[in-house]
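Undergrad: Just passing along the structure, written as structure tokens.
The values are calculated or read from the model by the stated rules, or taken from the named source; none is laboratory data. Please read all numbers here as calculations on a predicted model, not as lab measurements. Note: ideal-geometry Cβ built from the backbone for every residue, glycine included; neighbour counts use all protein chains shown.
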Ligand code: DON
């Protein structure tokens, strides 16, 4: 059983200061025009590169949104964090670590080679092999996925049928990964049906504000700070945040942790969630991505906010007696 007696300490600055700092972060990075909008899913290529939203949701339910935070976009890989949470809730820590794993691959998120190099072990739930294996473990299939992610968001989420159709028509690589998992016995439902559920989960529409609430639920020991519904156990949040720390930003996960010092998860549509345990959830949305597939403005704004709000989980100060 995970020991929950030791919890993250510290607080967010007061609400006015949070508002000022988040507003400032938006103004600072809105003009950055580096990166490229993802186009390997045809329906994503038409995203407006100028969209930029920031949402900070504290565990006490206070939220601050700036920019395009009501604009709906498909959640993409960020869904992996929440589907993993549902599976951790059902199966428990030991079984999930045994079946999925939690170590980085050092390879791109859709790598087939990672699976071959690791003899069919999915490695972690944030790369596609691990995400497909995770989705195959959801008791209750698609209905449970959409119910669970909606509980994290605190409202009923809907699929973007255009994005779903576009990805379903082009997701041969994910089908191949699911088949390869099947050949190793490391997927736990029909591979093509699993790929379909995974494609649907990636196509769920969210806003930046929704993602802030979802991230804040992971920061709040599994209770949605807006609806007050317990979505998952507190111990599940530990498992999810550890998986995000090791692999949430793919090959850049180490750099992310070394500069931002918080677990996070990105998606190819341009969203990033970041979780400050015991404090709150931060969500950013800006479609242009860097070479690893992470939102450029999102990464810059999150780095700035982690420092300005004092969120880095590795930061400590000497005991007062030590000067
Ligand atoms: O598997 C895929 O290709 C997408 N539906 C999700 C990819 C994704 O968001 C990767 N993230 N950075």
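Undergrad: Given the conditions (1) within 27 Å of residue 242 (Cβ to Cβ); (2) touching a helix residue (DSSP H, G or I) at 6+ places or on another chain (Cβ under 7 Å); (3) at pLDDT below 95, report the number of the one that residue 63 does not fulfil.
TA: Residue 63 satisfies every listed condition except (3).
Undergrad: Still on this structure: Just one of the numbered conditions (1) within 14 Å of the ligand (Cβ to nearest atom); (2) in contact with a strand residue (DSSP E or B) (Cβ under 9 Å, 6 or more places away or on another chain); (3) not in a loop (DSSP other than H, G, I, E, B) is not true of residue 197; which one?
TA: (2)
Undergrad: When you check residue 178 against the structure, is it within 14 Å of the ligand (Cβ to nearest atom), without any contact (Cβ under 8 Å) to a residue 40 or more places away in the chain and in contact with a helix residue (DSSP H, G or I) (Cβ under 7 Å, 6 or more places away or on another chain), yes or no? Talk me through it step by step, then tell me what you get.
TA: Details: within 14 Å of the ligand (Cβ to nearest atom): yes; without any contact (Cβ under 8 Å) to a residue 40 or more places away in the chain: no; in contact with a helix residue (DSSP H, G or I) (Cβ under 7 Å, 6 or more places away or on another chain): yes.
No, not satisfied.
Undergrad: Could you tell me which numbered condition residue 83 fails, if it satisfies all but one of (1) more than 14 Å from the ligand (Cβ to nearest atom); (2) outside any strand (DSSP E or B); (3) closer than 20 Å to residue 153 by Cα?
TA: Only one criterion in (1) more than 14 Å from the ligand (Cβ to nearest atom); (2) outside any strand (DSSP E or B); (3) closer than 20 Å to residue 153 by Cα is unmet by residue 83, namely (1).
Undergrad: I've got another one for you. Yes or no: residue 99 more than 16 Å from the chain's Cα centre (by Cα), away from the ligand (no atom under 16 Å from the Cβ) and closer than 25 Å to residue 44 by Cα?
TA: Numbers: more than 16 Å from the chain's Cα centre (by Cα): yes; away from the ligand (no atom under 16 Å from the Cβ): yes; closer than 25 Å to residue 44 by Cα: no.
Judged against the criteria, residue 99 is not a match.
Undergrad: Something else about it: If you go through the stretch 27-65 one residue at a time, how many are more than 16 Å from the ligand (Cβ to nearest atom) and either surrounded by fewer than 20 Cβ atoms within 10 Å (Cβ to Cβ) or closer than 16 Å to residue 207 by Cα (or both)? It would help to see each step written out before you state the result.
TA: Filtering the stretch 27-65 for residues more than 16 Å from the ligand (Cβ to nearest atom) gives 27-34, 46, 48-65.
After this cut, where a residue has to be either surrounded by fewer than 20 Cβ atoms within 10 Å (Cβ to Cβ) or closer than 16 Å to residue 207 by Cα (or both) as well, the list is 27-28, 30-34, 46, 48-57, 60-65.
Summing the residues that are more than 16 Å from the ligand (Cβ to nearest atom) and either surrounded by fewer than 20 Cβ atoms within 10 Å (Cβ to Cβ) or closer than 16 Å to residue 207 by Cα (or both) in the stretch 27-65 gives 24.
Undergrad: Here's something else I'd like to know. Here is a check on your reading of the model: is residue 192 within 15 Å of the ligand (Cβ to nearest atom) and free of Cβ contacts under 8 Å to residues at least 24 places away in the same chain?
TA: Working: within 15 Å of the ligand (Cβ to nearest atom): yes; free of Cβ contacts under 8 Å to residues at least 24 places away in the same chain: yes.
In short, yes.
Undergrad: Here's a follow-up. crowded, with 16+ Cβ neighbours inside 10 Å, within 13 Å of the ligand (Cβ to nearest atom) and either part of a helix (DSSP H, G or I) or at pLDDT 95 or above (or both), is that true of residue 76?
TA: Details: crowded, with 16+ Cβ neighbours inside 10 Å: yes; within 13 Å of the ligand (Cβ to nearest atom): yes; either part of a helix (DSSP H, G or I) or at pLDDT 95 or above (or both): yes.
So residue 76 fits the description; yes.
Undergrad: Quickly run through the stretch 107-161 and pick out the residues that are in a helix (DSSP H, G or I) and without any contact (Cβ under 8 Å) to a residue 24 or more places away in the chain. Talk me through it step by step, then tell me what you get.
TA: Of the stretch 107-161, the ones in a helix (DSSP H, G or I) are 113-117, 128-136, 141-153, 161.
The answer is 113, 114, 117, 143, 147, 150.
Undergrad: Of the residues 67, 50, only one is closer than 23 Å to residue 297 by Cα and without any contact (Cβ under 8 Å) to a residue 12 or more places away in the chain; which? Lay out the reasoning, then the answer.
TA: Numbers: 67 fails: without any contact (Cβ under 8 Å) to a residue 12 or more places away in the chain.
After ruling out the rest, the residue left standing is 50.
Undergrad: Run residue 238 past the list (1) part of a helix (DSSP H, G or I); (2) more than 12 Å from the chain's Cα centre (by Cα); (3) surrounded by 17 or more Cβ atoms within 10 Å (Cβ to Cβ); (4) within 16 Å of the ligand (Cβ to nearest atom) and report the number of the one that doesn't hold.
TA: (4)
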